[in-house]
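One structure is given below, encoded as structure tokens.
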Amino acid sequence: MVDGKRRSGAVSPLDGGWGWVIVGCCFMVTVCTRAVTRCVSIFFVEFQSHFGADYSATAWIHSLVDCTTMLCAPVGSLVGNRWSCRVAVMLGGLLSSCGLLLSSFSSSLELLYLSMGVLTGVGFALCYTPAIAMVGCYFRRRKALAYGIAMSGSGIGTFVLAPAVQQLIELYSWRGALLVLSAFVANLCVCGALLRPIRLQEDDEEAAGGGEGESVGEDKPGNISSHDGELAVKLSKESEDRLLSSGKSSSSPSSLPPPPLLSGDPAPQLQRRRYFSSCFLSSQEYRFLLLPDFLGLAVSFLFLASGCSLPFVYLVPYALSVGVSHQQAAFLMSILGVIDIMGNITFGWLTDRRCLKPHRLACYVFSVAMEGLCCLFTPLLRSFSLLVPFAVLYGYFDGAYVALIPVVTSDLVGAPYLSSALGVVYFLHAIPYLISPPIGGWLVDVTRSYTATFFLSGAALLASSLILFTVAGVRRCRRQLASVTKDTRHEPLPLSLSGQSDCFIAFSKDTVGRADAS
């Protein structure tokens, strides 16, 4: 009877309700992480004049913040999976706020490397990936639109924060501006507190009549129910055989010592299942790394990250080199930021339509390819009137592919793997983000022209789209072959529930409950 009541629990409604609060929190997280990272470049001249450093030494501050954020993205996924997305974002907000606070008291560039570059970057990494993954827990039908709104925080935040930070520097110097930014970034802790995990909702009558002093349908954080242990056993045939053999023979040795029995456990075998399911996740939550589709996606992201940052760095210098005024060159960056927002939202809405939803990977490939073509034609644009269309097209398709990165990743690896997969995806952006701008600058120094730099950017983006186009073609051929041979279509393997973040547990429990009831 109790099991029947447990299975009757309903998951919190998706594609609405509290999900829009999650979208708002993710929007603020992107404002406080990506937009603040872009605004670090506003402090460049202040740092250079105050510390008397050269261009290259000062540029490492921005590079370290951006690189550390992406390099430590898997750490954010790990914390979110082991504890919860709420813990990861709140901890990241505390670290990043402390990093900016310490930066305001720095007396050398080396201290800024550690406080702003490393500490703040690690804090941003803990916030970024779990917040994005949380949106995927609450949305199914309108996932692309939700991600488009959430990821638009980068463009909107840059558009609003850039003049505000400049005004703060003029009023309170760069130290006072960093203090204000530290307080602003502390709002990440508030956003993290609002990231409510999805749990099973039980009837009021059942909650009142649980009989054991606890709610029947809600598990304590860190505990694993019997359904979790049973599902973990079903995930792997080898794991099932190992558990069965250990259950039949108590004298069989195990590689790890058995955990101590907890009070209230019905049987030692159940406790062994709980212990196994906890260890099972550590080796299984990155199984998507062996999927050929994800390997192709990972290689494409390396080329994408190598090319996408160069236009943002060298568009203004190129515009100045062809005779565009400083005000017009700065206006080109404003156009990029505003159109980027439009690309985030409109492309996300379009790809959620019924006609385009099955072709979201193709839409992503198209947007990246269009960016590459824009970069290849940039050396031919030698006036402000010709550079404006470039800024519009590049900004729109940049916002389009950014909004589709988590959607495409989720479609390839499955929702249970999304948090870990996003950590790996953003990790792959780290090294290209760090080395591609210096390489582009080296090409400018050698050739005395920006042509080679924009050609490098365009070639890298086109290579990224070509790789994903090949992956899509292979998937199509594999599906056709599977339909002919009447084999089951490839689906991402499920994770064990023991170490997942709270937002994934309810979906898996609901699936298991429906399967058992049938």
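Please state which of the following conditions Ala53 fails to meet, knowing it meets all the rest: (1) open to solvent by 50 Å² or more (accessible area, probe 1.4 Å); (2) modelled with pLDDT under 80.
Just one mismatch for Ala53, condition (1).
Go through the range 450-459 and report how many residues are touching a residue at least 60 places away in the same chain (Cβ under 8 Å) and open to solvent by 10 Å² or more (accessible area, probe 1.4 Å). Show your work before the answer.
Residues of the range 450-459 that are touching a residue at least 60 places away in the same chain (Cβ under 8 Å), as a first pass: 450-451, 453-459.
If we keep only those that are open to solvent by 10 Å² or more (accessible area, probe 1.4 Å) as well, we get 450-451, 455-456, 459.
Of the residues in that region, 5 qualify.
For the range 447-484, what are the residues that are part of a helix (DSSP H, G or I), modelled with pLDDT of 85 or more and over 19 Å from Val365 (Cβ atoms)?
Thr447, Thr451, Ala452, Thr453, Phe454, Phe455, Leu456
Considering each of Leu434, Leu412, Leu428 in turn, give the residue that is in contact with an Asp or Glu (Cβ under 8 Å, 6 or more places away or on another chain), open to solvent by 20 Å² or more (accessible area, probe 1.4 Å), hydrophobic (A, V, I, L, M, F, W, C) and within 22 Å of Met70 (Cα to Cα).
That would be Leu434, the only listed residue that is in contact with an Asp or Glu (Cβ under 8 Å, 6 or more places away or on another chain), open to solvent by 20 Å² or more (accessible area, probe 1.4 Å), hydrophobic (A, V, I, L, M, F, W, C) and within 22 Å of Met70 (Cα to Cα).
Looking at the range 431-446, which of the residues that are of a type outside the set (A, V, I, L, M, F, W, C) and within 32 Å of the chain's Cα centre (by Cα) is modelled with the highest pLDDT? So that I can check it myself, show each step before the final result.
We begin by selecting, within the range 431-446, every residue of a type outside the set (A, V, I, L, M, F, W, C); these are 432-433, 436-438, 440-441, 445.
The next check asks that each one be within 32 Å of the chain's Cα centre (by Cα); those that pass are 432-433, 436-438, 440-441.
Details: Pro432: 86, Tyr433: 80, Ser436: 82, Pro437: 77, Pro438: 78, Gly440: 82, Gly441: 79.
Among residues in the range 431-446 that are of a type outside the set (A, V, I, L, M, F, W, C) and within 32 Å of the chain's Cα centre (by Cα), the one modelled with the highest pLDDT is Pro432.
Is it the case that Asp411 is under 27 Å from Gly296 (Cβ atoms), in contact (Cβ under 8 Å) with a residue 24 or more places away in the chain and not in a helix (DSSP H, G or I)?
Working: under 27 Å from Gly296 (Cβ atoms): yes; in contact (Cβ under 8 Å) with a residue 24 or more places away in the chain: yes; not in a helix (DSSP H, G or I): no.
For Asp411, the condition - under 27 Å from Gly296 (Cβ atoms), in contact (Cβ under 8 Å) with a residue 24 or more places away in the chain and not in a helix (DSSP H, G or I) - is not met.
Leu64: assigned to a helix (DSSP H, G or I) and buried (at least 21 other Cβ atoms within 10 Å of the Cβ), yes or no? Step through it out loud before you land on a result.
Details: assigned to a helix (DSSP H, G or I): yes; buried (at least 21 other Cβ atoms within 10 Å of the Cβ): yes.
Criteria met by Leu64.
Please verify whether Ser173 is touching a Lys or Arg at 6+ places or on another chain (Cβ under 8 Å), assigned to a helix (DSSP H, G or I) and open to solvent by 10 Å² or more (accessible area, probe 1.4 Å), treating the condition exactly as stated.
Details: touching a Lys or Arg at 6+ places or on another chain (Cβ under 8 Å): no; assigned to a helix (DSSP H, G or I): yes; open to solvent by 10 Å² or more (accessible area, probe 1.4 Å): yes.
No; evaluated as a whole, the condition is false for this residue.
If you take the residues of the range 323-348 that are under 20 Å from Pro379 (Cβ atoms) and buried (at least 16 other Cβ atoms within 10 Å of the Cβ), which of them is nearest to the chain's Cα centre (by Cα)?
This residue is Leu336.
Please work out which one of (1) open to solvent by less than 20 Å² (accessible area, probe 1.4 Å); (2) closer than 25 Å to Leu434 by Cβ is the condition Val299 fails and give its number.
Just one mismatch for Val299, condition (1).
Answer with yes or no whether Phe427 is closer than 25 Å to His62 by Cα and under 20 Å from the mean Cα position of the chain (by Cα).
Values: closer than 25 Å to His62 by Cα: yes; under 20 Å from the mean Cα position of the chain (by Cα): yes.
Here the answer is yes, as Phe427 does meet what is asked.
Scanning the range 110-140 for residues that are over 23 Å from Val87 (Cβ atoms) and touching a residue at least 60 places away in the same chain (Cβ under 8 Å), which turns out surrounded by the fewest Cβ atoms within 10 Å (Cβ to Cβ)?
Checking each candidate, the answer is Arg140.
Results for (1) of a type in the set (Gly, Ala, Ser); (2) in contact with a Ser or Thr (Cβ under 7 Å, 6 or more places away or on another chain); (3) over 30 Å from Tyr417 (Cα atoms), shown as yes or no for each residue.
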position: Val65; (1), (2), (3): no, yes, no
position: Val87; (1), (2), (3): no, no, no
position: Ser107; (1), (2), (3): yes, no, yes
position: Thr120; (1), (2), (3): no, yes, no
position: Thr129; (1), (2), (3): no, yes, no
position: Cys137; (1), (2), (3): no, no, no
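Residues of the range 90-108 being buried (at least 19 other Cβ atoms within 10 Å of the Cβ) and assigned to a helix (DSSP H, G or I), which ones?
The answer is Met90, Leu91, Gly92, Gly93, Leu95, Ser96, Ser97, Gly99, Leu100, Leu101, Ser103.
Residue-wise test of (1) open to solvent by 10 Å² or more (accessible area, probe 1.4 Å); (2) in contact with a helix residue (DSSP H, G or I) (Cβ under 7 Å, 6 or more places away or on another chain); (3) at pLDDT below 85.
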position: Ala362; (1), (2), (3): yes, yes, no
position: Phe366; (1), (2), (3): yes, no, no
position: Ser383; (1), (2), (3): yes, no, no
position: Val388; (1), (2), (3): yes, yes, no
position: Gly395; (1), (2), (3): no, yes, no
position: Asp398; (1), (2), (3): no, yes, no
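Could you tell me which residue of the range 141-170 is surrounded by the fewest Cβ atoms within 10 Å (Cβ to Cβ), considering only residues that are of a type in the set (Gly, Ala, Ser) and under 14 Å from Val36 (Cα atoms)?
Step one: of the range 141-170, the residues of a type in the set (Gly, Ala, Ser) are 144, 146, 148, 150, 152-155, 157, 162, 164.
Now narrow it down to the ones that are under 14 Å from Val36 (Cα atoms): 152-155, 157, 162, 164.
On the way: Ser152: 23, Gly153: 23, Ser154: 24, Gly155: 28, Gly157: 24, Ala162: 19, Ala164: 15.
If we take residues in the range 141-170 being of a type in the set (Gly, Ala, Ser) and under 14 Å from Val36 (Cα atoms), then Ala164 is surrounded by the fewest Cβ atoms within 10 Å (Cβ to Cβ).
Quick one: how many residues across the range 67-83 are in a loop (DSSP other than H, G, I, E, B) and buried (at least 22 other Cβ atoms within 10 Å of the Cβ)? Before the answer, list the steps.
First pass over the range 67-83, keeping only residues in a loop (DSSP other than H, G, I, E, B): 72, 83.
The next check asks that each one be buried (at least 22 other Cβ atoms within 10 Å of the Cβ); those that pass are 72.
Here the count works out to 1.
If I go through the range 72-111 residue by residue, how many of them are more than 16 Å from the chain's Cα centre (by Cα) and farther than 15 Å from Cys191 by Cα?
16
Before we move on, is Leu418 modelled with pLDDT under 80, over 14 Å from Phe301 (Cβ atoms), in a helix (DSSP H, G or I) and open to solvent by less than 10 Å² (accessible area, probe 1.4 Å)?
Values: modelled with pLDDT under 80: yes; over 14 Å from Phe301 (Cβ atoms): yes; in a helix (DSSP H, G or I): yes; open to solvent by less than 10 Å² (accessible area, probe 1.4 Å): yes.
Taking the combined requirement at face value, the residue satisfies it.
Looking for whichever is under 16 Å from Leu462 (Cα atoms) and of a type outside the set (A, V, I, L, M) here; the options are Phe384, Phe397, Phe390. Which one fits? Spell out how you get there, then give the answer.
Numbers: Phe384 fails: under 16 Å from Leu462 (Cα atoms); Phe390 fails: under 16 Å from Leu462 (Cα atoms).
Of Phe384, Phe397, Phe390, the one residue that is under 16 Å from Leu462 (Cα atoms) and of a type outside the set (A, V, I, L, M) is Phe397.
Can you confirm whether Pro311 is of a type outside the set (S, T, N, Q) and in contact with a Ser or Thr (Cβ under 8 Å, 6 or more places away or on another chain)?
When the stated conditions are applied, Pro311 passes them.
The values are calculated or read from the model by the stated rules, or taken from the named source; none is laboratory data. Bear in mind that the values here come from a model prediction, so they are computed numbers and not experimental data. So basically every Cβ, Gly included, is an ideal-geometry build from the backbone, and we count neighbours across all protein chains shown. Surface accessibility is based on the protein's heavy atoms, side chains included, excluding ligands, DNA and RNA. Shrake-Rupley method; radii C 1.70, N 1.55, O 1.52, S 1.80 Å.
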